[in-house]
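The values are calculated or read from the model by the stated rules, or taken from the named source; none is laboratory data. Note that this is a predicted model, so its numbers are computed, not measured. Cβ sites come from the backbone with ideal geometry, for glycine too, and all protein chains shown count toward neighbours. For accessibility, only protein heavy atoms count, side chains too; no ligands or nucleic acids. Shrake-Rupley method; radii C 1.70, N 1.55, O 1.52, S 1.80 Å.
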Amino acid sequence: MPRVVLEALMSAETELFDLELKVLLEAVYLRYHYDFRHYAVSSLRRRMRHAMGRYGMERLSDLQHRVIHDPAFFAEAMQYFTVQVSEMFRDPGYFAALREHAIPVLKTYPSIKVWIAGCSTGEEVWSMAILLEEEGLLDRAVIYATDINPAALEAAESGVFPLDRMALFSRNYQAAGGRRSLSEYFTTGYGGAVFDRRLKKQVVFADHSLATDAVFSEVHLVSCRNVLIYFNRELQDRAVGLFHDSLVRRGFLGLGAKESLQFGAHAADFEACAPHERLYRRTAS
Amino acid sequence: MTLPFPQAVVIGASAGGVQALRDVLGCFPATFPAPVLVVQHIPRDRPSGIPALLDGSCALPVAEAQDKEPLCGGVVLFAPPDYHLLVEDRTTVSLSRDEPVLYSRPAIDPLFESAAEVFGEGLLAILLTGASSDGSAGVAAVRREGGIVWIQDPDEAVAPIMPASAIAHAGADAIVTLGDLCRRLGTLAP
């Protein structure tokens with residue numbers, strides 16, 4: 001392939017924006033120990049511009065000023081640093097692949113641990129709990145549901161989702177090979193669908209950062225979907241390294257539909273198990 | 001007219017776009033040295049099939065982008081269903097599930113804006129037929145950063161709203177028919 005050699009210059013405006021972004025992320029890290037410094041910059045730029053629009057700010061340094069002087073404001077602005085969009089049983093083929101490939105292996109262990117990394121508002125956590133319940137595994141499982149955003153974790157733990165999303169969640173659930181009707185798992189109340197508390201008795205919700213924290217347990221399955229896309233390659237390598245170190249020999253790693261280990265440092269540490277569904281297994285070595 | 005060779009090309013299309021893209025991508029020579037990134041509006045909930053469909057009508061390899069895929073000259077990458085396609089830096093693409101733009105994910109604005117920020121005056125942006133106003137903010141960003149914008153003539157477009165909206169919002173360096181576009185691609189100086 002021919003290589004493009006011309007030297008391009010960003011506009012001065014973009015260069016200044018990036019400079020301010022760097023300063024902002026450094027300030028957030030120093031002040032609050034949230035480390036966004038290795039997040040993918042293209043998406044972060046967009047979200048910061050949205051935040052500036054939302055708060056009527058001319059410059060990113062205005063946002064920085066408020067963030068470092070006002071912790072309550074930072075808590076609110078967190079939604080612009082992290083992306084909170086999820087669905088129950090999103091990409092149903094992934095959950096079908098878990099049933100087909102991972103569950104039979106997990107059943108051979110007396111007890112299992114599952115790590116949902118970057119669980120956001122919990123849709124994946126409750127989906128996983130339902131899947132394990134239907135496979136007779138929930139009672140001997142521990143699910144670690146981790147995220148850096150306290151508000152998201154709180155929402156995840158509440159297990160309350162908007163009623164108007166249930167039609168979509170039900171379709172996904174059926175497409176994922178659900179054995180019942182999704183409505184058997186929730187009641188309506190608090191203005192939403194309230195999922196059965198029994199499903200979360202084996203779930204541990206915890207604050208954990210893939211950017212700064214270490215491995216905390218040995219697990220049999222890591223599910224981390226559509227989280228790595230928000231990281232740059234360096235941070236992706238760190239996160240996948242954590243997953244590798246956390247997984248038992250031949251343990252499973254599930255990623256998002258368009259995420260791949262192919263471009264990272266740990267490509268050789270995993271083998272594709274259901275390649276199209278991004279289900280991998282830790283290699284034996 | 002001789003233009004400097006772009007370091008990257010971004011293309012946005014919506015309603016009527018598949019046929020227009022077949023024509024436009026068919027004009028790129030096999031030796032085209034810059035990467036080509038495409039957003040065609042597609043439904044979020046099923047595989048698009050479009051890259052496979054267009055692969056045969058284009059001299060360059062056509063594929064759906066994966067997250068953090070290296071950006072190579074002479075390769076056409078499409079945004080996958082339900083993800084925005086972004087230019088991360090001069091050698092890498094990123095995907096994101098940030099909010100839909102004007103109900104679309106993928107959307108044209110995020111691609112054009114992120115590419116404009118990275119490639120500045122080295123970018124060529126092409127906006128084709130469509131019935132949305134996605135792309136208007138992206139075209140404005142490309143022009144603001146010094147890149148070149150060609151927009152399909154709304155009179156020729158199957159759906160004129162998208163090109164007309166971008167022209168009204170941000171203007172263009174050229175308003176072109178698909179035939180003009182092919183000729184212009186041939187005038188780029190290596």
task = Kindly compute the accessible surface that chains B and A hide from a 1.4 Å probe when together, both sides summed, and give it to the nearest 100 Å².
result = 3100 Å²
Low-density loop positions, trypsin sites (Lys or Arg not before Pro), segment A:67-136 - DSSP coil, at most 16 other Cβ in 10 Å = A:107
remark   = Of every hundred units of 1.4 Å-probe accessible area on chain A, the number belonging to carbon and sulfur atoms, as a percent, is 52 percent
remark   = Placing +1 on each Lys and Arg Cβ and -1 on each Asp and Glu Cβ in segment A:1-123, then taking the dipole about the Cα centre, the residue among A:101, A:53, A:117 whose Cα reaches farthest towards the positive end is A:101
request  = Could you give the C-alpha radius of gyration of the protein assembly as shown expressed as a fraction of 2.2 N^0.38 Å, taking N as the number of residues it contains?
outcome  = 1.01
query = Once a ≥ b ≥ c are taken as the square roots of the eigenvalues of the Cα gyration tensor of segment B:52-183, is the result rounded (a/c under 1.5), prolate (a/b larger than b/c) or oblate (a/b not larger than b/c)?
reply = rounded
ask   = Mean separation of Cα pairs under 8 Å and 6+ residues apart, divided by the residue count of segment B:1-70: what relative contact order is that in percent?
value = 36 percent
request  = Quick one: among B:170, B:52, B:115, which has the greatest mean-square fluctuation in a GNM of chain B with alpha-carbon springs under 10 angstrom?
outcome  = B:52
task = Count the net charge of all other residues whose Cβ sits under 9 Å from the Cβ of residue B:79, scoring Lys and Arg as +1 and Asp and Glu as -1.
result = 0
note = Across B:83-89, the residue-averaged tally of Cβ atoms belonging to other chains within 10 Å stands at 4
key: Shape of segment A:41-107, Cα gyration tensor, a/c cut at 1.5   = prolate
query = Excluding ligands, DNA and RNA, what is the solvent-accessible area per residue of segment A:207-285 at a probe of 1.4 Å, expressed in Å²?
reply = 38 Å²
remark   = With DSSP loop assignment and no more than 10 other C-beta atoms within 10 Å, the chymotrypsin sites (Phe, Trp or Tyr not before Pro) in segment A:129-198 are A:190
inquiry  = What distance in nm lies between label points placed 7 Å from Cα along the C-beta direction at residue B:131 and residue A:30?
reply    = 5.4 nm
task = Report relative contact order for chain A in percent, whole number only (criteria: Cα-Cα under 8 Å, sequence separation at least 6).
result = 17 percent
remark   = In deg cm²/dmol, rounded to the nearest 500, the helical mean residue ellipticity at 222 nm of chain A, built from -39500 (n - 2.57) for every DSSP H run of length 4 or more, is -12000 deg cm²/dmol
task = Any chance you could check the Cα centroid distance between segment B:72-145 and segment A:219-285 for me, in angstrom?
result = 27 Å
request  = Order A:244, A:101, most accessible first, counting only protein heavy atoms with a 1.4 angstrom probe.
outcome  = A:101, A:244
Two-site label geometry, residue A:54 and residue B:155: point separation in nm, points 7 Å out along Cα→Cβ = 4.5 nm
query = Restricting attention to segment B:82-146, which chymotrypsin sites (Phe, Trp or Tyr not before Pro) occupy a DSSP loop and are surrounded by at most 14 other Cβ atoms within 10 Å?
reply = B:103
query = Given the protein assembly as shown, what percent of its DSSP beta bridges are antiparallel, to the nearest 5?
reply = 35 percent
Interface residues, segment B:137-181 - accessible area loss of 10 Å² or more versus chain alone, probe 1.4 Å = B:144, B:145
query = How many Å² of accessible area per residue for chain B, probe 1.4 Å?
reply = 33 Å²
Phi-based couplings in Hz for segment A:34-47 (Karplus 6.51, -1.76, 1.60; Gly and Pro marked x) = 8, 10, 9, 5, 10, 7, 4, 6, 5, 6, 5, 4, 4, 5
inquiry  = With the cut-off at 1.5 for a/c, could you classify segment B:17-111 from its C-alpha gyration tensor as rounded, prolate or oblate?
reply    = oblate
inquiry  = Between residue A:196 and residue B:19, what's the calculated FRET efficiency when r is the beta-carbon distance and R0 is 41 Å? Round to 0.05.
reply    = 0.25
remark   = The alpha-carbon center of segment B:9-64 and that of segment A:166-189 are separated, in whole Å, by 36 Å
key: Calculated FRET efficiency for the pair residue B:187/residue A:209, C-beta based, R₀ 45 Å, to 0.05   = 0.30
request  = Please give the length that would be gained between residue A:157 and residue A:180 if that part of the chain were fully extended, namely 0.36 nm times their separation in residues minus their C-alpha to C-alpha distance (nm, one decimal).
outcome  = 6.0 nm
